[in-house]
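Notes follow once the structure below has been shown.
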Ligand SMILES: NC(=O)c1ccc[n+]([C@@H]2O[C@H](COP(=O)([O-])OP(=O)(O)OC[C@H]3O[C@@H](n4cnc5c(N)ncnc54)[C@H](OP(=O)(O)O)[C@@H]3O)[C@@H](O)[C@H]2O)c1
């Protein structure tokens, strides 16, 4: 039977890759992509009415206020989109008896654990973005029956502002770059994540899953690898602390995921981030 899968946040960095992958993986289903022009999730009535009218079978909710420092400076907007917005979508999902997939973040953790985070570990966000996304998770789990919550991290992809492009841009302008060396995580390619989301949907997975490319690193070593693979290693990179960078939002110093649950339930392990990065840089050069 043909299903309708609605992707909210379809024009974002992840949304664009995900809709392409879903079209390819699920050709019998109808994939509908909405973004802020079609639906403003801050508005409860509009959100519920529009989704109810479409009657989707699955709603993949990616739309979010993703500027982590912006969230810190504008808590009201962060909660309006990331928490209340997710609640409005979940409410509509429950009315349609659809299945909900919600994208969340490693920033729900404080980074004090020094071994990879399990889905069952207690969240304790350090910043407004993390708190608003965690509240979104809680609303989704309360309202949408058997929801799938996918936590991911350090995304980069072809369709959005991201660390890889920012390092390459800076390297063209400066001879010396300063990059933080006291945060550990796993850079994750949106195409690899999209494939994993598609697989989790096909397995009808429910509950929380941690999904990231494998192998942890710091932003500093990620930056060095980007430059090396791009043939720009003449640019000098200086390791600095998060304190020296002085961003408004505090980030966890350690947010490595244990992704064994994904492997156990679907057989899937995402490749090391350095391999994914090579693909990304090659794609970038072809266009
Ligand atoms: N990027 C990361 O490193 C990262 C890490 C962990 C988790 N995640 C999660 O993964 C998901 C996708 O992230 P992403 O990087 O692809 O985000 P993104 O590029 O910022 O895309 C989010 C999309 O949501 C839209 N949006 C914002 N406010 C909205 C509203 N009120 N109603 C409807 N749409 C709205 C945005 O439109 P505008 O662009 O016009 O605002 C944008 O098209 C998010 O849920 C995010 O929290 C991301």
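Would you list the strands (runs of 3 or more DSSP E) that sit entirely within the stretch 1-90 and hold 3 or more residues that are touching a residue at least 12 places away in the same chain (Cβ under 8 Å) and within 13 Å of the ligand (Cβ to nearest atom)?
The qualifying strands (runs of 3 or more DSSP E) are 4-8, 58-61.
Does residue 149 count as within 13 Å of the ligand (Cβ to nearest atom), touching a residue at least 24 places away in the same chain (Cβ under 8 Å) and closer than 25 Å to residue 198 by Cα?
The answer is yes for residue 149.
Can you go through 129, 139 and tell me which one is within 10 Å of the ligand (Cβ to nearest atom), farther than 25 Å from residue 228 by Cβ and assigned to a helix (DSSP H, G or I)?
Going through 129, 139 in turn, just one is within 10 Å of the ligand (Cβ to nearest atom), farther than 25 Å from residue 228 by Cβ and assigned to a helix (DSSP H, G or I): 129.
Of the residues 212, 205, which single one is away from the ligand (no atom under 13 Å from the Cβ) and within 28 Å of residue 113 (Cβ to Cβ)?
Sole residue among the options that is away from the ligand (no atom under 13 Å from the Cβ) and within 28 Å of residue 113 (Cβ to Cβ): 205.
For the stretch 226-259, which positions are part of a helix (DSSP H, G or I) and free of Cβ contacts under 8 Å to residues at least 60 places away in the same chain?
Selection gives 228, 229, 243.
Yes/no matrix, rows are residues, columns are (1) more than 16 Å from the ligand (Cβ to nearest atom); (2) in contact with a strand residue (DSSP E or B) (Cβ under 9 Å, 6 or more places away or on another chain):
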position: 173; (1), (2): yes, no
position: 224; (1), (2): yes, yes
position: 235; (1), (2): yes, yes
position: 251; (1), (2): no, yes
position: 262; (1), (2): no, yes
position: 267; (1), (2): yes, no
position: 278; (1), (2): yes, no
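Here are the criteria: (1) surrounded by fewer than 23 Cβ atoms within 10 Å (Cβ to Cβ); (2) in contact (Cβ under 8 Å) with a residue 24 or more places away in the chain; (3) closer than 21 Å to residue 125 by Cβ. Tell me which single one residue 191 does not satisfy.
(3)
Mind counting the residues in the stretch 209-225 that are buried (at least 20 other Cβ atoms within 10 Å of the Cβ) and part of a strand (DSSP E or B)?
Qualifying residue count for the region: 3.
Only the coordinates and a few stated rules stand behind these numbers; no lab work does. Please read all numbers here as calculations on a predicted model, not as lab measurements. Note that we place each Cβ from the backbone using ideal geometry, even for glycine, and neighbour counts take in every protein chain shown.
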